[in-house]
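Colleague: Sharing a structure here in structure tokens format.
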Amino acid sequence: MRYADPSGFERMKGSEIVVVGAGIAGVMSALSLQQKGYRVALIDRWEPGHPRASSTDYNRLFRNIHGADRMYTLWARQSRLRWMELQAELNCVLYVECGALVIATQRHSDWEDATFATFDDLGVPYFKYDVDELSVRFPQFKFDNVAYGLYEPEAGALMAHRAIIESTKKFVREGGSVHRHHVRTDEHERLHLDGKPLEADLVVVSAGPWLGSMYPRTIAPILDIVRQNIIYTSTPNADTTYDGTGMPCWIDHGHSAYGAPSIEGSGVKAAIAWTEAIIDLDNDERIVDQATFTRTRQYLRNRLPGLARERAVDQKACQIAMTPDTHFIIDHHPQHENVVIVGGCSGHLFKHGPVLGDFVAGVGLREFGTAERFKINSRLRLSSEDSPSGR
């Protein structure tokens, strides 16, 4: 249908809303729309929590740092409280506050340098440590070529797979429905389900990396899909040094790397972000390639030398859907007014899930317009200082 006026949805309480894609953006948007009193259906090609999704993996980093960007920093602060509330409601561990250490490399710290004013203005707690103090406080790491460390105590890791599963269960308990279908688009980018037009008062399309193939004219030009390979390394025998009880998550931009301590026996997580590593979403095996495995192990030997002799115990291969400016996409389709497209995770969407879901619901229901940064238009690459993801 077409919207007659901005208040039209008030007269359609009980109308059908469809959310396509059951990753974190989809599930949180569906929950928010449902809590506003609408009947919502959630559709995905696979079971929620499936390993092809960008919202997969055991855990995902939660950090407040977004350089000079105040909006995402505020969203992170609000989302942290929302995650803690959801954790208490569902009575399961969703957020492990083990802290986050941002390692600022010498002569390569624009993003970190820009953060201090943002944190000071917004009251985000942090500590800045020089190399000598870093070595004392975080003995797991070797701090070669490091200018300083920025430590966030109110940060950590979200249990990603569990968060998807438990949030979906909550959605169903509260009256939502989950369906297994493959939603496609035609040459006019109109949505089809089982060969017929998908009809609903509102459709939120949060198909992650598949948005480009669904919307080749509208979204593909501003979305790159990058392979993300992750390995998990065993902790030393009878040693708790690398557990989440005594080690933080970390971000190491000088090496384009990040990781997390061993949480719930997962092993130490480490990933190197190769923005040139392309993935075929429908045909590639979700297995870490040997070149990335070797490079990641070399990084661990240098940065976490105590793990040099340990064995890899698990691996994950997924993807990041990146926009040039690393801002999200949250906007109505330019030709189909009842369709809102949500995506462009750029590696930093998951933690914002609860707040992002509320924002998507407001945009979809025409309660307010989207932010300029989220609009579907041409995107320009930002400097590392201005990029919210630091990329």
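The values are calculated or read from the model by the stated rules, or taken from the named source; none is laboratory data. Note that this is a predicted model, so its numbers are computed, not measured. Heads up, the Cβs are rebuilt from the backbone with ideal geometry, glycines too, and the neighbour counts pull from every protein chain shown.
Colleague: Tell me, which residue of region 353-379 that is assigned to a helix (DSSP H, G or I) and among the hydrophobic types (A, V, I, L, M, F, W, C) is surrounded by the most Cβ atoms within 10 Å (Cβ to Cβ)?
Modeller: VAL360
Colleague: Among the numbered criteria (1) in contact with a Gly (Cβ under 8 Å, 6 or more places away or on another chain); (2) farther than 25 Å from VAL102 by Cβ; (3) surrounded by 17 or more Cβ atoms within 10 Å (Cβ to Cβ), which single criterion is violated by THR233?
Modeller: Among (1) in contact with a Gly (Cβ under 8 Å, 6 or more places away or on another chain); (2) farther than 25 Å from VAL102 by Cβ; (3) surrounded by 17 or more Cβ atoms within 10 Å (Cβ to Cβ), THR233 violates only (2).
Colleague: Please determine, by comparing only the residues of region 64-89 that are under 23 Å from GLY49 (Cβ atoms) and not aliphatic (A, V, I, L, M), which one is surrounded by the most Cβ atoms within 10 Å (Cβ to Cβ).
Modeller: SER79
Colleague: Let me ask another. Within region 191-221, track down each residue that is surrounded by fewer than 21 Cβ atoms within 10 Å (Cβ to Cβ), of a type in the set (A, V, I, L, M) and closer than 18 Å to ASP325 by Cβ.
Modeller: ALA220
Colleague: If ALA238 passes every condition in (1) out of contact with any Gly (no Cβ under 6 Å at 6 or more places or on another chain); (2) crowded, with 20+ Cβ neighbours inside 10 Å; (3) over 30 Å from GLN335 (Cα atoms) but one, which one does it miss?
Modeller: With respect to (1) out of contact with any Gly (no Cβ under 6 Å at 6 or more places or on another chain); (2) crowded, with 20+ Cβ neighbours inside 10 Å; (3) over 30 Å from GLN335 (Cα atoms), ALA238 is out only on (2).
Colleague: Report, by residue number, each residue of region 161-175 that is of a type outside the set (A, V, I, L, M) and surrounded by fewer than 22 Cβ atoms within 10 Å (Cβ to Cβ). Spell out how you get there, then give the answer.
Modeller: Step one: list which residues in region 161-175 are of a type outside the set (A, V, I, L, M), which gives 161-162, 166-171, 173-175.
Correct list: HIS161, ARG162, GLU166, LYS169, LYS170, ARG173, GLU174, GLY175.
Colleague: Please give the number of the condition ALA41 fails out of (1) outside any strand (DSSP E or B); (2) farther than 25 Å from VAL96 by Cβ; (3) at pLDDT 95 or above.
Modeller: (1)
Colleague: Another question, if that's okay. Just to verify a result, which residue in region 331-352, among those that are within 13 Å of ILE222 (Cβ to Cβ) and outside any loop (DSSP other than H, G, I, E, B), is nearest to the chain's Cα centre (by Cα)?
Modeller: Among those that are within 13 Å of ILE222 (Cβ to Cβ) and outside any loop (DSSP other than H, G, I, E, B), it is GLY343.
Colleague: I'm trying to understand the selection: among the residues of region 44-95, which are in a loop (DSSP other than H, G, I, E, B), in contact (Cβ under 8 Å) with a residue 60 or more places away in the chain and more than 30 Å from LEU193 (Cα to Cα)? Walk me through it before giving the result.
Modeller: Quick first cut of region 44-95, residues in a loop (DSSP other than H, G, I, E, B) only: 45-59, 63-69, 91-94.
If we keep only those that are in contact (Cβ under 8 Å) with a residue 60 or more places away in the chain too, we end up with 45-49, 51-59, 63-69, 92-94.
Those that are in a loop (DSSP other than H, G, I, E, B), in contact (Cβ under 8 Å) with a residue 60 or more places away in the chain and more than 30 Å from LEU193 (Cα to Cα): TYR58, ASN59, ARG63, ASN64, ILE65, HIS66, GLY67, ALA68, ASP69, CYS92, VAL93, LEU94.
Colleague: From the list PRO324, PRO388, PRO354, exactly one residue is at negative phi, at pLDDT 95 or above and out of contact with any Pro (no Cβ under 9 Å at 6 or more places or on another chain). Which is it? Give the derivation first.
Modeller: Working: PRO324 fails: at pLDDT 95 or above; PRO388 fails: at pLDDT 95 or above.
Only one candidate passes the filter, namely PRO354.
Colleague: For region 147-212, list the strands (runs of 3 or more DSSP E) that sit wholly inside it and hold at least 3 residues that are within 17 Å of the chain's Cα centre (by Cα); which are they?
Modeller: Details: elements: 156-158, 177-180, 183-185, 191-193, 202-205.
Result: 156-158.
Colleague: Tell me whether region 141-148 contains one or more residues that are surrounded by fewer than 20 Cβ atoms within 10 Å (Cβ to Cβ), in contact (Cβ under 8 Å) with a residue 24 or more places away in the chain, in contact with a Ser or Thr (Cβ under 9 Å, 6 or more places away or on another chain) and under 25 Å from SER32 (Cα atoms).
Modeller: Among the residues of region 141-148, not one is surrounded by fewer than 20 Cβ atoms within 10 Å (Cβ to Cβ), in contact (Cβ under 8 Å) with a residue 24 or more places away in the chain, in contact with a Ser or Thr (Cβ under 9 Å, 6 or more places away or on another chain) and under 25 Å from SER32 (Cα atoms), which makes the answer no.
Colleague: Sort out which residues of region 324-346 are surrounded by fewer than 22 Cβ atoms within 10 Å (Cβ to Cβ) and within 23 Å of TYR258 (Cβ to Cβ), and write them in order of number.
Modeller: The answer is PRO324, ASP325.
Colleague: Looking only at region 96-129, count every residue that is at positive phi and either part of a strand (DSSP E or B) or modelled with pLDDT under 95 (or both) and tell me the total.
Modeller: The number of residues fulfilling the criteria is 1.
Colleague: Follow-up question, since we're still on this one. Every residue in region 282-311 that is crowded, with 18+ Cβ neighbours inside 10 Å and closer than 17 Å to ASP57 by Cβ, please.
Modeller: VAL288, THR292, THR296
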